[in-house]
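These notes concern the structure reproduced below.
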Amino acid sequence: MKINNLKKRLLVILRTTSESTEQLCEKLVKKELKKNDFIMKCSYVPFSKTLEKAYDLAFQEKFPWTLMIDSDVLIKSKSIEKIIYYGNKYNSLVIQGYVLDYLYGGPRSGGLHLYSYEAIERIHNLKPNILNEIRPETYCKNLICPNGNRFRSIPLILGVHDYFQFENDYYRKVLFFYTKNNDIIETLSKIWKSKNYQRIVEIDSFINKKFSNNSINKLKICTVDYNFPKTIEKEDRSLLLEKITKIDQNYVDNICNNWAPEILYLNKFLTIYLRLLFNKDFARSQYKILKKKKIFVKVMFFLITNLLTFVLLRSSKKLKNIFLTLAPFRN
């Protein structure tokens, strides 16, 4: 594909590790691209090497913007236009939004990572050693955006993440949760049971019984293919792949547009939900969905009581500090 160097806009790098949704991810992205945009694939083991190669490609190609997407992400319509709009608006080095995460039971930060060419140049010049980093991309972003300087998170759900994946991938991801997300694994386990994710619940139970947290090597999970144990393998991949062939953009958009939070999700990720509510379109959409599902009062009561608790705690802390400051003058 010929690209007019004077009109280059966007390079999309699709990072793949043979996910079930790789072809669908590529198809949805291509529908969103303009004439002088370009898409490339990048696949190496471990992920840190994929990331290094992706940064090298972006540096060589010299597009004003580079969007990195993993192929377990399915983008929402117009998401590419929206993230570029905000990138230009805020003159950001790196910008990202939110994705509706299957394993989280709701939105989380990440999914689409948009880099300006200035950001790519900075990473290239720093040449960071990321081979032994558990979160290599976060490490690189923190290097070039210290204290969040010129990093922008936008309150938009830009797609879905980890939907329709192979059991082997879910096994590896749940293993990783037990190490890098140990503070939320208890909540996630409850969410999986609540949503009746039968196979993921079985995988979770198997891992919980077989491994202690200290016995799982985080870096090893990142750098090798942790195969699903044959003793509990049940999946017929052909059925999943056939289902994926029937999924289109409308299907993905409907998942995003019809999501409503469960209290289990809000208990752990309330700040994410509140952040998204600052987007007027999301707030209006949530009002309609919550009313339709007859959970508006329940969710609003939860939000109000938690916000009041937060305010009271802050106030009591301030009063305590004032008391401690005045205490010497009372003697």
Item checked: Cβ-Cβ under 8 Å pairs, at least 6 apart or on other chains, the stretch 42-54 side under 13 Å from Met68 (Cβ atoms) and touching a residue at least 24 places away in the same chain (Cβ under 8 Å), far side assigned to a helix (DSSP H, G or I) and not polar (S, T, N, Q) -> Cys42/Lys53; Cys42/Ala54; Cys42/Leu57; Phe47/Pro136; Phe47/Cys222; Leu51/Pro136; Leu51/Glu137; Leu51/Cys140
Item checked: Top-ranked residue of the stretch 14-36 - restricted to ones that are closer than 23 Å to Cys140 by Cβ and in contact with a Phe, Trp or Tyr (Cβ under 9 Å, 6 or more places away or on another chain), ranked as surrounded by the fewest Cβ atoms within 10 Å (Cβ to Cβ) -> Thr17
Note to self: Condition first: surrounded by fewer than 21 Cβ atoms within 10 Å (Cβ to Cβ), on the phi < 0 side of the Ramachandran plot and under 18 Å from the mean Cα position of the chain (by Cα). Now tell me which residues in the stretch 51-84 satisfy that.
What the structure shows: Ser77, Lys82, Ile84
Check: Can you find even one residue in the stretch 195-202 that is at pLDDT 80 or above and of a type in the set (Lys, Arg)?
Finding: yes
Item checked: Tally of residues being in contact (Cβ under 8 Å) with a residue 60 or more places away in the chain and touching a Leu at 6+ places or on another chain (Cβ under 7 Å) across the stretch 124-149 -> 5
Next item on the list: Taking Gly97 as the residue in question, decide whether it is under 18 Å from Asn258 (Cβ atoms), crowded, with 22+ Cβ neighbours inside 10 Å, touching a residue at least 24 places away in the same chain (Cβ under 8 Å) and not aromatic (Phe, Trp, Tyr).
Entry: no
Notebook entry, point to check: Only one of Tyr90, Tyr85, Tyr55 is more than 30 Å from Lys243 (Cβ to Cβ), touching a Cys at 6+ places or on another chain (Cβ under 8 Å) and not polar (S, T, N, Q); which?
Noted result: Tyr55
Note to self: Can you go through Ile272, Ile247 and tell me which one is surrounded by 11 or more Cβ atoms within 10 Å (Cβ to Cβ) and either outside any helix (DSSP H, G or I) or modelled with pLDDT under 95 (or both)?
What the structure shows: Ile247
Next item on the list: Note down all Cβ pairs under 7 Å where the first residue falls in the stretch 71-85 and is within 18 Å of Ile255 (Cα to Cα), the second is polar (S, T, N, Q), and they're at least six residues apart or on different chains.
Entry: Ser71/Thr16; Ser71/Thr21; Asp72/Thr21; Asp72/Gln165; Leu74/Thr21; Ser77/Gln249
Item checked: Filtered residue count, the stretch 271-286, keeping only those that are within 13 Å of Asn306 (Cα to Cα) and either among the charged types (D, E, K, R) or under 16 Å from the mean Cα position of the chain (by Cα) (or both) -> 2
Item checked: Subset of the stretch 276-297 (residues that are hydrophobic (A, V, I, L, M, F, W, C), under 16 Å from Leu158 (Cα atoms) and in a helix (DSSP H, G or I)) -> Leu276, Leu277, Phe282, Ala283
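The values are calculated or read from the model by the stated rules, or taken from the named source; none is laboratory data. Predicted model only: the values in this text are computed from it and were never measured. A quick note on method: Cβ atoms are made from the backbone with ideal geometry, for glycine too, and the neighbour counts reach across all protein chains shown.
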